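The values are calculated or read from the model by the stated rules, or taken from the named source; none is laboratory data. For clarity, every value in this text was computed on a predicted model and none was experimentally measured. These area figures cover heavy atoms from the full protein model, side chains too; ligands, DNA and RNA do not enter into them. Shrake-Rupley method; radii C 1.70, N 1.55, O 1.52, S 1.80 Å.
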Amino acid sequence: MTSRHTRNKQDNRQGNDARLPLTGWAVLGLLSFRGERTGYELKKWADSSLRFFYWSPAISQIYAELRRLEALGYATSRRSGAEEPRATRRYTVTESGRGALAAWADGAGDPGAPVLKHPLVLRVWLGHLAAPDTLRALVE
């Protein structure tokens, strides 16, 4: 029997960070594209992209995942300066986060059955982080 700690270490090597739900991978995926984004901007982007093939998380879910991603070292944030009328927090993916996301997107494991939240299409959407052969196999 393997311990939970051993399983988590094995999962992490395979890009299956047991500490992240699919929503966490989706938010990290939004951060994987160029630029810094606020939680509000991530919500708007999810509404105009993810909802067509996965689902668009609530703003509260996005902020909860951003906190989790920062705690894991997968994302970082900075607060806007005093020159802005309202303080905002802008998030970016870290190298560690990009690596974990790439490992997850490139994972060869079962992507799950098609449901309202379609993990397979989420991985295809993250194809810019996957090896071409893996992406091709997912599409086939």
Of 138, 42, which has the most accessible area and how do the rest follow, probe 1.4 Å?
-> 138, 42
What is region 14-140's relative contact order, in percent, from Cα pairs under 8 angstrom and six or more apart in sequence?
-> 30 percent
Given a 1.4 Å probe, how much area per residue of region 12-113 is accessible, in Å²?
-> 52 Å²
Can you sort 139, 27, 124 by 1.4 Å-probe accessible area, starting with the largest?
-> 139, 124, 27
Give, in whole angstrom and from largest to smallest, the semi-axes √(5λ) of the equivalent ellipsoid of region 58-140, with λ running over the eigenvalues of the Cα gyration tensor.
-> 31, 15, 11
Counting only protein heavy atoms and using a 1.4 Å probe, what share of the accessible area of region 14-140 belongs to carbon plus sulfur, as a whole percent?
-> 54 percent
